[in-house]
Amino acid sequence: RMFFKIAGFEFRYQTRQPIFWVAAIIFVLLAFGAVASDNIQLGNTANVHKNAPWVIAQSSLIFAVIYMFVTTAFVANVVVRDDDTGFGPLIRSTRVSKFDYLFGRFIGAYLAAALSFIAVPLGFWLGSLMPWVDKETLGPFMPQAYLFAYFFLALPVLFLSSAIFFTLATVTRSMMWTYVGVIGFLVLRAIFSLALTRQGME
């Protein structure tokens, strides 16, 4: 089916791009530092083991939100790239359906972003193996905690953000306005989080 061919092409294209590897390296180092360094702390994780399921889950969600900038680069680039090169109109003039073309490209780009995000649980795990980390700050290795945080927490967030900003890029045909949308989304999220926190304290 054409959908799978297009998705496969886009996945292979994205995994060959520098941003795929740059993002993976940056986030594996950030996740590594969150466990291996006492100077980095994500969220409310004081007095909890650095590799506890709650810490891994909370940290994965934080990284997934930050990763919106990366997923946007993957999925929004699909639409803008084809229009800039003139390849999009050529494809749309063929018998390839709009569904296969748009959603095939989207799924391929999303899967590449999801693969790149594996750097986060990998970084957590590698950080916990470092000999200088105080063993008193670590709990037992629980692979199910990493799997749950990745598949059931991080990936849905990445999919939702990818879908939102892919749609925005399709409408605006502009990387700049898509990133403006990302920043606006993060600002609104921060405002709502602050409002909920204050309400909970009252």
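Just name one of PHE20, MET142, GLN58: the one whose Cα is farthest towards the positive end of the charge dipole of the chain (beta-carbon charges, Lys/Arg +1, Asp/Glu -1).
It is PHE20.
Given 37 °C and 0.692 mPa s, compute D for the chain with the Stokes-Einstein relation, Rh being the Kirkwood radius over Cα pairs; round to the nearest whole µm²/s.
179 µm²/s
Based on the Cβ-Cβ distance from ASN39 to LEU61, what FRET efficiency comes out when R0 is 22 Å, to the nearest 0.05?
Using R0 = 22 Å, I get an efficiency of 0.55.
In percent, how large is the relative contact order of the chain, given Cα pairs closer than 8 Å and 6 or more residues apart?
37 percent
Near LYS5, which lysines are there with a Cα under 17 Å away, not counting those fewer than 8 places off in the same chain?
LYS5 reaches LYS98.
Quick one: accessible area per residue over the stretch 111-202, 1.4 Å probe, rounded to a whole number of Å²?
Here the per-residue accessible area is 62 Å².
Give the residue list of trypsin sites (Lys or Arg not before Pro) in the stretch 1-76 that are DSSP loop and have at most 16 other beta-carbon atoms within 10 angstrom.
Details: sites: ARG1, LYS5, ARG12, ARG16, LYS50; in loops: ARG1, ARG16, LYS50.
Loop-located and lightly packed - ARG1, ARG16.
Expressed as a whole percentage, what fraction of the accessible surface of the stretch 58-186 belongs to carbon and sulfur atoms when a 1.4 Å probe is rolled over the protein heavy atoms? Don't skip to the end; give the middle numbers.
Details: 4800 of 6270 Å².
Here carbon and sulfur together make up 77 percent of the probe-accessible area.
Semi-axes of the stretch 142-202's equivalent ellipsoid from the Cα gyration tensor, sqrt of 5 times each eigenvalue, largest first, rounded to whole Å?
That gives 26, 22, 7 Å for the three semi-axes.
What number, rounded to the nearest 500 deg cm²/dmol, is the helix-based mean residue ellipticity at 222 nm of the chain, given -39500 (n - 2.57) per DSSP H run of at least four residues and division by all its residues?
The helix-only estimate for the chain comes to -24500 deg cm²/dmol at 222 nm.
At a Cα cut-off below 27 Å, give the lysines reachable from LYS135, other chains included and same-chain residues fewer than 8 away excluded.
Result set, ordered by chain and number: LYS50.
Cut-off 10 angstrom, C-alpha nodes, Gaussian network model of the chain. Which of TRP132, TRP21, TRP54 fluctuates the most?
Among TRP132, TRP21, TRP54, the largest mean-square fluctuation in the Gaussian network model of the chain belongs to TRP132.
The values are calculated or read from the model by the stated rules, or taken from the named source; none is laboratory data. Quantities reported herein were computed from a predicted structural model and do not represent experimental measurements. We place every Cβ from the backbone using ideal geometry, glycine too, and count neighbours over all the protein chains shown. Ligands, DNA and RNA are excluded from the accessible area calculation, which covers all protein heavy atoms including side chains. Shrake-Rupley method; radii C 1.70, N 1.55, O 1.52, S 1.80 Å.
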